[in-house]
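Here's the structure we're looking at; comments come further down.
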Amino acid sequence: MKFLITTTLPLLLVVLTGSSGCNRHSSPTLSDIAHDSSKSVVTIITSDAMGRPLEQGSGFLVTSDGKVVTNYHVIAGADSAMVKFSDGGIYGVEGIIRADKEKDVAVLKLKASEREFAFLPRGDTAQVRVGDEVVAIGSPLGLEGTVSTGVVSAKRTMPGSQIDVFQITAPISPGSSGGALLNAKGEVIGVPFVQVVSGQNLNFAVPITYVSPLIVDAPPKPFPSGSPPVMAKKATPKRVLPLPTEQPPAAAKTAAPALDPSELNGTYSGIWQSTIFAASGAAVMTVTTEGRTVHAEIALTGGQVTRDTLTGDVSEVGGGWSVTLKTAAGDLYATGIFKKGVFEGDYDYVPASDHGRWGLKKD
C-alpha cells in the first residue's frame, strides 16, 4: 500500500457535530464555518539556504501571539519559511517551538510580536465519533475557497507505528498537509497529513492531542536543516561503552578500486512525481560523462518541461555518485544519487515553484 504525503496548499477540514462555536445561537452553516475559520488558516512556503522554494503546505493559528501548527514533513529540510494569510498578509517564521517527527507535527512561531492573531481553539478528540460528517474548506492546488464533504470513517493505528489517526473520506489533495480538522464548535481535533494513493478517498489526520504538548512558551529553534529542533519525546540514555582492551593490530585492508564516472553513461527510464501539485509523468534521462562532469538530456511527459539538458559534477559517496545538475537557464535543478544502475533524487522547477521526486533505472 502506497502512501502519498500531501504537501502544498492549505486545506481546512471541519467536522459537523455538536453545537455551534461560531458565536451564533444556532448551528453554523457551511458558509458560517468557512467564514469564521479561514482567517486562522495559512499557507506555509519553505525555502533552502539559497532562498529557493522547497515545499508549500498549510497550517493554522493556535495562539494569539502567532504559534502555527503544521506537519513536520512540510518544514523538514528547510532553512526558512514564511506564511501567507487569506487576507494577503505575509509573515516570516522565526523558528520552531517544538516538533515531533514521529507523529509528523510541529509548532512554528511567526515574526510578528505586536499583532494579535485570530486562532482556532482545541477540541476534545475523545468526543469524535465514526460517522461524523466532515467538510473540507481551503485551497487545494491553488483553488481557494473549495468546499468538499465526507465522514470520519474510522479511528485507526497507522501500520508500522503506534500513532492513532482519524481516517476520513473528505477528499484531500497535495497541499492539504498541516490543515485543521475541526468540529462544529470550531475546535481543532486533528491535522490531515497523508492519503493512500492506491485507494479511493482514504485520508488520515493526526489527532490534536499529539500537538497540544508542543504548544508551549519557549524560544524558537532553527529549522531541521540547521540545528535540530527540540523534539517532544524522552531523551535516550547515552550508552556507556566498555574500555578498550589490548588487541593485535588488524590486518591491512585492501583498498577498494576507484569508481569510474563513465559507468554512469547510458539511458535511464522511470517516473517523476510533484510533491506540490497533482502532477506526475514518465521520465527518460540520457547520461554522458566527461571526467566528473555529467550531461543529462531529459525527456518528460505530464508537465511543463518536455525536453532539456542539465549539467553538473559528480562526486563519490557510499559506493555511488552524488550529483547536482541544472539547466543553462537555471530554471530546473536536480540532485540525487546514481548507484547500481539507479538514479533517485529531487528536482526543483523554479518558474512554477515546483518540487518533487524522481526515480529512474538504467535500461
query: Looking at (1) crowded, with 24+ Cβ neighbours inside 10 Å; (2) in contact with a Leu (Cβ under 8 Å, 6 or more places away or on another chain); (3) at pLDDT 80 or above, can you tell me which one residue 178 breaks?
result: (2)
Listing of strands (runs of 3 or more DSSP E) fully contained in region 38-108 that carry 1 or more residues being touching a residue at least 12 places away in the same chain (Cβ under 8 Å), of a type in the set (Phe, Trp, Tyr) and surrounded by fewer than 21 Cβ atoms within 10 Å (Cβ to Cβ): 80-85, 90-100
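Within region 207-221, take every residue that is within 12 Å of residue 105 (Cα to Cα) and touching a Leu at 6+ places or on another chain (Cβ under 9 Å) and give me the one that is surrounded by the fewest Cβ atoms within 10 Å (Cβ to Cβ). Please lay out each step first, then the result.
So the first thing to find is which residues in region 207-221 are within 12 Å of residue 105 (Cα to Cα), and the list is 207-215.
This time we only want the ones that are touching a Leu at 6+ places or on another chain (Cβ under 9 Å), so: 207-208.
On the way: 207: 23, 208: 25.
Residue satisfying both the conditions and the ranking: 207.
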message: So for region 291-308 (the condition being loosely packed, with under 15 Cβ neighbours inside 10 Å and in contact with a Leu (Cβ under 7 Å, 6 or more places away or on another chain)), does at least one residue qualify?
response: yes
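Over 13 Å from the mean Cα position of the chain (by Cα) and of a type in the set (Gly, Ala, Ser): is that true of residue 66 in this structure?
Working: over 13 Å from the mean Cα position of the chain (by Cα): yes; of a type in the set (Gly, Ala, Ser): yes.
In short, yes.
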- prompt: What residue, of 353, 322, 280, is on the phi > 0 side of the Ramachandran plot and either surrounded by 15 or more Cβ atoms within 10 Å (Cβ to Cβ) or of a type in the set (Phe, Trp, Tyr) (or both)?
  reply: 353
message: Please go through (1) closer than 18 Å to residue 41 by Cβ; (2) touching a strand residue (DSSP E or B) at 6+ places or on another chain (Cβ under 7 Å); (3) small (Gly, Ala, Ser); (4) modelled with pLDDT under 90 for residue 145 and return the number of the only condition it doesn't satisfy.
response: (2)
task: Being surrounded by 15 or more Cβ atoms within 10 Å (Cβ to Cβ) and in contact (Cβ under 8 Å) with a residue 24 or more places away in the chain is the filter; apply it to region 309-319 and report the residue that is farthest from residue 283 (Cα to Cα).
output: 314
- line: The number of residues in region 243-283 that are in a loop (DSSP other than H, G, I, E, B), aliphatic (A, V, I, L, M) and at pLDDT 65 or above is 3
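The values are calculated or read from the model by the stated rules, or taken from the named source; none is laboratory data. Everything numeric in this text was worked out from a predicted model, so none of it was measured. When we count neighbours, we look across all protein chains shown, and the Cβ atoms used for this are built from the backbone with ideal geometry, even at glycine.
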